[in-house]
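The block underneath contains the structure these notes are about, expressed in structure tokens.
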Amino acid sequence: MASTNYDPRIAIVYASVTGNTEAVAEILQEICLSKGLEVELWPINAFSLSELSRYDAVLVGTFTWGSGEIPKEMHGLFEAFEHLGNNRIITAVFGTGDSFFAEFCGAVDRFRDMLFVQTDLAATLKIELAPQETDVVRCEKLVASVENKLAVFPGEISGY
Ligand SMILES: Cc1cc2nc3c(=O)[nH]c(=O)nc-3n(C[C@H](O)[C@H](O)[C@H](O)COP(=O)(O)O)c2cc1C
């Protein structure tokens, strides 16, 4: 496993109405903790957008609403990333959706396109409704991708 010589700060910030995305966020938190990573879990309504720049990595979790849309509670976070002016902050975006809809996890796609331009995007992950046992390994891969990026620039990420 790649090792870092500093303690990166990681936040998982998510929106969830019926609990599916929250369940994925909690799996990701468990995986981070099992690797000894310092991680905070924030429902979007409790997260202070002004704190965004204090994290080395942010994992964004969103369900999809309307016709492939980002739910309104995530609009502020989306705009905060657009205006952050820090394309070295490491990000990942995950979400749950229902493939019954034309744009499966469209909100993940919308965040992905923005985060790819505005940040150092490590990974994306789409899950069908509630996470299943087979999704755990996919969550592990997402965390590993974030961890790899954190390991590339140890000590250079914080403090700017
Ligand atoms: C009105 C409505 C619109 C939805 N639109 C979409 C959609 O366009 N694409 C999609 O993948 N899922 C869509 N969904 C499904 C939700 O994103 C899905 O149930 C998700 O897992 C809910 O997440 P949560 O349990 O974290 O709240 C929609 C659900 C509702 C109720």
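The values are calculated or read from the model by the stated rules, or taken from the named source; none is laboratory data. The shown structure was predicted, so the numbers you read here are calculated from the model rather than taken from an experiment. Because the Cβ atoms are built from the backbone with ideal geometry, glycine has one as well, and the counts that use them run over all protein chains shown. Side chains included, ligands, DNA and RNA excluded: accessible areas come from the protein's heavy atoms. Shrake-Rupley method; radii C 1.70, N 1.55, O 1.52, S 1.80 Å.
Exactly one condition in (1) out of contact with any Lys or Arg (no Cβ under 7 Å at 6 or more places or on another chain); (2) free of Cβ contacts under 8 Å to residues at least 40 places away in the same chain; (3) within 16 Å of the ligand (Cβ to nearest atom); (4) open to solvent by less than 40 Å² (accessible area, probe 1.4 Å) is not met by Ile127; state its number. Going through the list (1) out of contact with any Lys or Arg (no Cβ under 7 Å at 6 or more places or on another chain); (2) free of Cβ contacts under 8 Å to residues at least 40 places away in the same chain; (3) within 16 Å of the ligand (Cβ to nearest atom); (4) open to solvent by less than 40 Å² (accessible area, probe 1.4 Å), Ile127 breaks only (2). For segment 70-102, taking the residues that are more than 16 Å from the ligand (Cβ to nearest atom) and part of a loop (DSSP other than H, G, I, E, B), the one that is nearest to Lys141 (Cα to Cα) is identified as Ile89. Among residues of segment 72-91 that are within 17 Å of Ala122 (Cα to Cα), those with a beta-carbon under 7 Å from a residue that is among the small types (Gly, Ala, Ser) and surrounded by fewer than 17 Cβ atoms within 10 Å (Cβ to Cβ) at least six positions away or on a different chain give the pairs Asn86/Ser53. Summed over segment 110-134, the residues that are over 13 Å from the mean Cα position of the chain (by Cα) and among the aromatic types (Phe, Trp, Tyr) give a count of 0.
Give Gly61, Gly97, Gly36 a once-over and let me know the one that is open to solvent by 50 Å² or more (accessible area, probe 1.4 Å) and of a type outside the set (A, V, I, L, M). Of the residues listed, the single one that is open to solvent by 50 Å² or more (accessible area, probe 1.4 Å) and of a type outside the set (A, V, I, L, M) is Gly36. All of Tyr6, Tyr14 fail the test of being open to solvent by less than 50 Å² (accessible area, probe 1.4 Å), of a type in the set (Ser, Thr, Tyr) and within 22 Å of Cys139 (Cβ to Cβ), apart from Tyr14.
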